[in-house]
Amino acid sequence: MLKKPQMNALGTSLLRFWNSSIGKKLIVAITGIMLVGFLLGHMAGNLLIFQGREDLNDYAEFLHHMLHGWGIWIARLGILGAFVLHIIATVSLVQQNRAARDSRYACDTTVQAPVSSRIMIWTGLTVIAFVVFHIFHFTVRLDPDLAGMKDPGNPDRHDVYGMVIAGFQNPLVVIFYILAISFLCSHLSHGIASIFQTLGLRTEKTRVAIRNLALAISVILWIGFLSIPILVATGGLKDAPATSSASSATPDPSLSQN
Amino acid sequence: MNLTLKVWRQSGPTAHGRIETYEAKDIPAEASFLEMLDIVNTGIIEEGGEPIHFDHDCREGICGACSLAINGVPHSKEAGITTCQVHMRKFRDGETIWIEPFRARAFPVIKDLMVDRGAFDRIIAAGGYIDVRTGSAPEANSIPIGKEDADEAFDAATCIGCGACVAACKNASAMLFVGAKAAHLNILPQGHPEKDKRVLAMVRQMDAEGFGNCTNQYECEAVCPKEISADVISKLNRDYAAAIVREAVAE
């Protein structure tokens, strides 16, 4: 008999939190932290490509086998949950904001808001489109040529290294990656600083440090992510000739694992 | 100096508004912006027209009554002043000036350039006070307050409630106003006992009035005539998060 009122109280508190302007912004901030953390980890993993085929493919194999194969799914669901919650809360906030300012100034101007802060919804929507493309490109691997690549040193596993090199041979794909990552980093330069403001950590003493940190993380991610497609497109990163013959090897039963 | 004015005219709260053009001739450069409007209004009245309605009171930058978005910026692009402190010498002879009311759904237009800022009063009524016994003033030094706290509280307390923060915000958010009013009391020992209750009540009233959400662009602090920092918004966010957790635990 005691449990039901407690559940109702918790439900009421959560609903009140969600319905309040600051509560919804806190959800955007907390999911934002998770997504930035994921991006930093993802970039660090990607950069293993510069260590060579073996290190990158070892890392990919580790991701797919950690916690007996459950680890990657736990991580994927966590990231997806944060991503979806971030989008739902943000879209709801934008709708409220547009309703709150239902008329525009005939002479509309901006005093100090940076461009990145004024295009957040558009950079965010571009990132959604990019994420969908990126998942079909390198995770689901709709292209059978990319899906069938095998590590020449270990034909039992997928050749992530060769797949990345092959995946960036199309200049249109590279251009889309450059645009999308640039929009993502514009989104982050405002978003990361906003996390601190929403969590109430911005003060007179931390103001400049927070702005610089947001800018630094955004630039690091921009360079880290884009170094790979740009170097592949310009010939700085090449696949060893052995891969193409390995990729056409006999079908492997472990293919479905990846 | 001679100027062209593009002024928002709206005959009533439900009427359809529009921009009308007026020629302001022979305006002395030393006139204030509101005196310039007085001169233009005198001309309109002499010609039998309806004068341009606008809010004003003290005309020395302390009451918060004057409003106006001048060329799209509340209280003009001059930093740290109210509309009544803007002088015509800041404009060029022959310039076209756009004059519009503060725009926000929570600040409905009453007439022309006058808007109803009663939503701010209702936010204050929800929690912008402390409960104390009335009577003679207490001895000033009976509650010691650190210099830094006193300064911080005083900076927040300089808010005159003009609404420029809302008018400048692309989302018509009132976070700078509510942040300032909550911080000014929350920082001081006299306001501390009711801190959580105050923050929750003021934020809920702010949301109920239909103000938008802060997206951290800080246009509000750029136009604030008292130059209140958006750090008070950060403090409000922090105080709200703590208050809502304590409220949930108490339930």
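The values are calculated or read from the model by the stated rules, or taken from the named source; none is laboratory data. Because the structure is predicted, anything quoted here is derived from the model rather than measured. Ideal geometry is used to build each Cβ from the backbone, glycine not excepted, and the neighbour counts take in all protein chains shown.
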| query | If A:Ser21 passes every condition in (1) touching a residue at least 12 places away in the same chain (Cβ under 8 Å); (2) under 17 Å from A:Val84 (Cα atoms); (3) within 11 Å of chain B (Cβ to nearest Cβ) but one, which one does it miss? | reply | (2)
| message | Just checking, does region B:226-243 include any residue being more than 10 Å from every other protein chain (Cβ to nearest Cβ), assigned to a helix (DSSP H, G or I) and of a type outside the set (A, V, I, L, M)? | response | no
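Have a look at A:Phe176, A:Phe183 and point out the one that is more than 14 Å from chain B (Cβ to nearest Cβ), in a helix (DSSP H, G or I) and either touching a Leu at 6+ places or on another chain (Cβ under 8 Å) or within 26 Å of A:Lys24 (Cα to Cα) (or both).
A:Phe183
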| said: Looking for something away from chain B (no Cβ under 14 Å), more than 30 Å from B:Arg9 (Cβ to Cβ), basic (Lys, Arg) and under 21 Å from the mean Cα position of the chain (by Cα) - is there at least one such residue anywhere in region A:133-156? | reply: yes
| query | Which of the residues belonging to region B:216-225 are within 7 Å of chain A (Cβ to nearest Cβ), touching a residue at least 40 places away in the same chain (Cβ under 8 Å) and in a loop (DSSP other than H, G, I, E, B)? | reply | B:Gln217
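Go through region A:99-119 and give me each residue that's more than 14 Å from B:Ala168 (Cα to Cα) and either facing another protein chain (nearest Cβ under 7 Å) or part of a loop (DSSP other than H, G, I, E, B) (or both). Outline the logic, then answer.
First pass over region A:99-119, keeping only residues more than 14 Å from B:Ala168 (Cα to Cα): A:99, A:114-117, A:119.
Selection gives A:Ala99, A:Pro114, A:Ser117, A:Ile119.
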| Which condition number does A:Met120 fail, the rest of (1) crowded, with 17+ Cβ neighbours inside 10 Å; (2) free of Cβ contacts under 8 Å to residues at least 60 places away in the same chain being met? | (2)
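I'd like to know if region A:94-113 contains one or more residues that are touching a Cys at 6+ places or on another chain (Cβ under 8 Å), of a type outside the set (Val, Ile, Thr) and over 20 Å from A:Met34 (Cα atoms). Even if it seems obvious, please write down each step before you answer.
Residues of region A:94-113 touching a Cys at 6+ places or on another chain (Cβ under 8 Å): A:101.
Retained after the next criterion (residues that are of a type outside the set (Val, Ile, Thr)): A:101.
If we keep only those that are over 20 Å from A:Met34 (Cα atoms) as well, we get A:101.
Yes - at least one qualifying residue is present in region A:94-113.
Answer with yes or no whether A:Thr109 is among the polar types (S, T, N, Q), under 26 Å from B:Glu209 (Cβ atoms) and either exposed (fewer than 12 other Cβ atoms within 10 Å of the Cβ) or modelled with pLDDT under 95 (or both).
Working: among the polar types (S, T, N, Q): yes; under 26 Å from B:Glu209 (Cβ atoms): yes; either exposed (fewer than 12 other Cβ atoms within 10 Å of the Cβ) or modelled with pLDDT under 95 (or both): yes.
Answer is yes for this residue.
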| message | Among the residues in region A:217-227, are any within 14 Å of another protein chain (Cβ to nearest Cβ) and either buried (at least 21 other Cβ atoms within 10 Å of the Cβ) or modelled with pLDDT under 90 (or both)? | response | no
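Return yes when B:Ala106 is of a type outside the set (Lys, Arg) and either outside any loop (DSSP other than H, G, I, E, B) or exposed (fewer than 12 other Cβ atoms within 10 Å of the Cβ) (or both) and no when it is not. Outline the logic, then answer.
Working: of a type outside the set (Lys, Arg): yes; either outside any loop (DSSP other than H, G, I, E, B) or exposed (fewer than 12 other Cβ atoms within 10 Å of the Cβ) (or both): no.
No.
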| query | Do you know which residues across region B:229-244 are in contact (Cβ under 8 Å) with a residue 60 or more places away in the chain and either crowded, with 24+ Cβ neighbours inside 10 Å or not assigned by TED's automatic domain parsing to the domain that holds B:Lys195 (or both)? | reply | B:Val232, B:Leu236
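Given the criteria away from chain B (no Cβ under 14 Å), surrounded by 12 or more Cβ atoms within 10 Å (Cβ to Cβ) and among the β-branched types (Val, Ile, Thr), does A:Ile30 qualify?
Numbers: away from chain B (no Cβ under 14 Å): no; surrounded by 12 or more Cβ atoms within 10 Å (Cβ to Cβ): yes; among the β-branched types (Val, Ile, Thr): yes.
Spelling it out, it is not the case that A:Ile30 is away from chain B (no Cβ under 14 Å), surrounded by 12 or more Cβ atoms within 10 Å (Cβ to Cβ) and among the β-branched types (Val, Ile, Thr).
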| query | Do we find a residue being touching a His at 6+ places or on another chain (Cβ under 9 Å), buried (at least 19 other Cβ atoms within 10 Å of the Cβ), within 14 Å of chain A (Cβ to nearest Cβ) and not aliphatic (A, V, I, L, M) anywhere in region B:68-88? | reply | no
| field | Meets criteria (in a helix (DSSP H, G or I) and either more than 14 Å from every other protein chain (Cβ to nearest Cβ) or of a type in the set (D, E, K, R) (or both)) for A:Leu14 | value | no
| said: With the structure loaded, tell me whether B:Glu139 is charged (D, E, K, R) and in a loop (DSSP other than H, G, I, E, B) or whether it fails that test. | reply: yes
| message | Can you find, within region A:51-74, the residue that is surrounded by the most Cβ atoms within 10 Å (Cβ to Cβ) among those that are within 21 Å of A:Gly236 (Cβ to Cβ) and free of Cβ contacts under 8 Å to residues at least 12 places away in the same chain? | response | A:Asp55
